Amino acid sequence: MSDMVWLITGASSGFGKAIALEALRRGHKVVATARNSAKLSDVKQAGAAIMDLDVTSDEETLTAKLAGANAIYGKITHVANAAGYLLEGTIEEASNKEVFDTFNTNVFGTFNIARASAPHLRAAAAASPGRSVALATFGSIGSWRSGPAVAHYCSTKWAVSGLTEGLREELAPFSIDVTVVEPGYVRTGFLSRDGGDEHRFQTARHLEDVYGEGTEAAAHRAALQAYNRNQPGDVNKCASVIVDVLTKEGVGKGKEVPLRLVLGTDAYETIKGKCDDTLKLLADWEHVIKSTMRDDA
């Protein structure tokens, strides 16, 4: 198993850090990255090579960065693209720049890493036929249900899940497994707004007279705050499953890597509920939906 080499973005905290530590614990090699590699001291001490990497960098820069990462151990066999953050604010409150920035990291950053890592994953798969080579993106419970004050974040996660569906089919002929991890609420610092490890940012504009007390947006904000550091999911258990599935060991042994790797009871219930609601919608509107076809079709 020691011939597996991971490239992990967002490895300074949360899922990225937990996956890096789990892979290292199993004897895998890890190239851990973050915008500021000074925040990677824990994974470096555990044995990871570290690198500054901003997923929003231009194509030339990222191509060079991935080539440098590949050169450290001579290959990259697994990619976990965990970089991302949550923009909290209603549609009306968010500025164009705030919306662009969150899409730039969560969506375009995911695309950037997939594009830049694909040649190295293809090379690894060609060099070792039959061995595990995989790429994981990160969606969310928010890939399935959006909500007030978090619609921007949820829409980025819908986009990532959609991007991954196409990417999976594109890379399948090269024996590269692709999955989107869709976790529920997992206890990390992701919902924090302080402590130097913020991944939840509020819009600069606050329309309290419109979206203040008594509104759905206010209720959702309060729920996020109540969940902060109280999420029911265990990030280390999640990391263990992710590494198992992507390497086809443990709980993933004898199974194909799924299109979606759903983690958490809350994610299971949310996705099932969304599917049930969608099937009901189709049944209720079936006659209208089908009435729009041409008569000669």
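The values are calculated or read from the model by the stated rules, or taken from the named source; none is laboratory data. It should be emphasised that the depicted structure is a prediction, and the values quoted were computed from it without experimental measurement. Don't worry about glycine lacking a Cβ; one is built from the backbone with ideal geometry, like all the others, and counts go over all protein chains shown.
None of K237, K253 is modelled with pLDDT of 95 or more, within 19 Å of I141 (Cα to Cα) and of a type in the set (K, R) except K237.
Quick one: which residue in T90, T63, T33, T56 is farther than 24 Å from V245 by Cα and not in a loop (DSSP other than H, G, I, E, B)?
Only one candidate passes the filter, namely T63.
Of all residues assigned to the stretch 98-105, none qualifies as being outside any helix (DSSP H, G or I), under 30 Å from G147 (Cβ atoms) and either at pLDDT 95 or above or among the acidic types (D, E) (or both). When the stretch 156-186 is filtered for residues that are among the polar types (S, T, N, Q) and surrounded by fewer than 19 Cβ atoms within 10 Å (Cβ to Cβ), only S175 remains. Please go through the stretch 131-174 and pick out each residue that is in a loop (DSSP other than H, G, I, E, B), of a type outside the set (S, T, Y) and either more than 27 Å from A20 (Cβ to Cβ) or modelled with pLDDT of 95 or more (or both). Within the stretch 131-174, V133, G139, W144, R145, G147, P148, A149, V150 qualify. Taking the stated definitions as given, is G14 over 19 Å from the mean Cα position of the chain (by Cα), surrounded by 15 or more Cβ atoms within 10 Å (Cβ to Cβ) and under 24 Å from G162 (Cα atoms)? Judged against the criteria, G14 is not a match. Here G189 meets each of (1) surrounded by 12 or more Cβ atoms within 10 Å (Cβ to Cβ); (2) at pLDDT 95 or above; (3) not charged (D, E, K, R) with one exception, condition (2).
Number of residues in the stretch 68-87 that are over 28 Å from T203 (Cα atoms) and either in a loop (DSSP other than H, G, I, E, B) or over 18 Å from the mean Cα position of the chain (by Cα) (or both) equals 10. Inclusion of S128 among residues that are surrounded by fewer than 23 Cβ atoms within 10 Å (Cβ to Cβ) and modelled with pLDDT under 95 is warranted.
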